[in-house]
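Colleague: The structure follows.
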Amino acid sequence: MTRIVSLLPSATEIVCALGLLDHLVGRSHECGFPPGVARLPALTAPRFDPEGTSAEVDRRVKSIVQNALSVYRVDADQLMALRPDVIVTQSQCEVCAVSARDLDEALAQWMGGASPAVVSLTAASLDGVFDDIARAAAVLGAEQTGAQVIATMKSRTGSVVERAAGAASRPTVANIEWIDPLMSGGNWMPELVELAGAKNLFGEAGSHSPWIDFDQLAAADPEVIVVAPCGFGIDRSLEELRALTRNPGWPKLSAVRNGRVFVADGNHYFNRPGPRLVESLEIMAELVHPELFNFGHQGRAWRRC
């Protein structure tokens, strides 16, 4: 049996979507979906305290990066003890999860026998996610299942796009990926907004998420604001939202005045480039076109502010 270690939540979701949950022997500290993975040993940990406000977490992470240190640590001894045949990691963002560099340092201690195969996910767009799934499926001997997963994702995406095409308008959307300091969603997020039948205001598809300031947000005056910080659930994001709502200009924004500010679960959706990006698209569609879409995500995956 192929023994698999996943060092990234979205990679774990990809492996499980391929029907290989029982082949997983280790995970990252953030992997919690599907529920069965929680029993596996966690092989990573952050080098910073993830508690506190958005601003405090941001300062801690930037301090580590400025000192040329890795944001995460990998338990090399436990990794070797698990004897994986394949390790799935990522090289897209050193701040979001364990990177290829982190893994290289851990594997440098590998002694005796063949080193495991490494699959490094690189998606910065929706098509990139499809490519990552196909590549992981090929390495793991699950090509047919991988093709089925991709086909299902494309079919669900197409259904949203087809219905959104009939919308009477395309509202402007500001997607907030970090609250303090302000960061807008990049990578696949602009695509999700456009596919849902809206106009994305900040960030470019396929590019890293950009920092913005409140003056830029106010000048753009979005019709819809979606707050989905990377790594934060709904309750934590609602607490952090005070960093925005205390700004004197907040009540003047069109989205605020019209009751179209939403907080979504950015930990499980939007920021995980795997199979659940389709659910993220469905959530976005509910938010921008409630007259057309109701997938039942309200309350569980998003709330109105």
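The values are calculated or read from the model by the stated rules, or taken from the named source; none is laboratory data. This is a predicted model, so every value here is computed, not measured. Because the Cβ atoms are built from the backbone with ideal geometry, glycine has one as well, and the counts that use them run over all protein chains shown. When the accessible area is computed, the model is the full protein with side chains, heavy atoms only, and any ligands, DNA or RNA have been set aside. Shrake-Rupley method; radii C 1.70, N 1.55, O 1.52, S 1.80 Å.
Colleague: Which numbered condition in (1) surrounded by 19 or more Cβ atoms within 10 Å (Cβ to Cβ); (2) of a type outside the set (F, W, Y); (3) within 24 Å of E56 (Cα to Cα); (4) under 12 Å from the mean Cα position of the chain (by Cα) is the only one that M189 fails?
Modeller: All conditions are met except number (3).
Colleague: Report, by residue number, each residue of the stretch 206-256 that is assigned to a helix (DSSP H, G or I) and hydrophobic (A, V, I, L, M, F, W, C). Outline the logic, then answer.
Modeller: So in the stretch 206-256, the residues assigned to a helix (DSSP H, G or I) come out as 214-220, 234-240, 242-245, 250-252, 254-256.
Scanning the stretch 206-256 gives F214, L217, A218, A219, A220, I234, L238, A243, L244, W250, A255, V256.
Colleague: Please note which strands (runs of 3 or more DSSP E) are completely contained in the stretch 64-158 and include at least 2 residues that are touching a helix residue (DSSP H, G or I) at 6+ places or on another chain (Cβ under 8 Å), modelled with pLDDT of 70 or more and β-branched (V, I, T). Full working, then the answer.
Modeller: Values: elements: 72-74, 86-90, 117-121.
Hits in the stretch 64-158: 86-90, 117-121.
Colleague: Within the stretch 12-33, track down each residue that is open to solvent by less than 30 Å² (accessible area, probe 1.4 Å) and either part of a helix (DSSP H, G or I) or of a type outside the set (S, T, N, Q) (or both). Break it down stepwise before answering.
Modeller: Applying the first criterion (open to solvent by less than 30 Å² (accessible area, probe 1.4 Å)) to the stretch 12-33 yields 12-16, 18, 20, 24-26, 28, 31.
Passing the criteria: T12, E13, I14, V15, C16, L18, L20, L24, V25, G26, C31.
Colleague: Out of the residues in the stretch 272-293 that are at pLDDT 95 or above, under 16 Å from F130 (Cβ atoms) and of a type in the set (D, E, K, R), state the one that is surrounded by the fewest Cβ atoms within 10 Å (Cβ to Cβ).
Modeller: Per the stated criteria, the residue is E279.
Colleague: Need pairs with beta-carbon distance below 6 Å; first residue open to solvent by less than 20 Å² (accessible area, probe 1.4 Å) and within the stretch 48-64, second at pLDDT 75 or above and in a helix (DSSP H, G or I); sequence gap 6+ or separate chains.
Modeller: S54/E240
Colleague: What's the total number of residues in the stretch 197-209 that are open to solvent by less than 40 Å² (accessible area, probe 1.4 Å), free of Cβ contacts under 8 Å to residues at least 60 places away in the same chain and of a type outside the set (S, T, N, Q)?
Modeller: 2
Colleague: Would you pick out the residues in the stretch 121-147 that are more than 19 Å from P190 (Cα to Cα), in contact with an Asp or Glu (Cβ under 9 Å, 6 or more places away or on another chain) and buried (at least 17 other Cβ atoms within 10 Å of the Cβ)?
Modeller: L121, A137
Colleague: For the stretch 226-237, state whether one or more residues are aromatic (F, W, Y) and modelled with pLDDT of 95 or more.
Modeller: Pass one, the stretch 226-237, residues aromatic (F, W, Y): 232.
Then keep just the ones that are modelled with pLDDT of 95 or more; that gives none.
Checking the stretch 226-237: not a single residue is aromatic (F, W, Y) and modelled with pLDDT of 95 or more.
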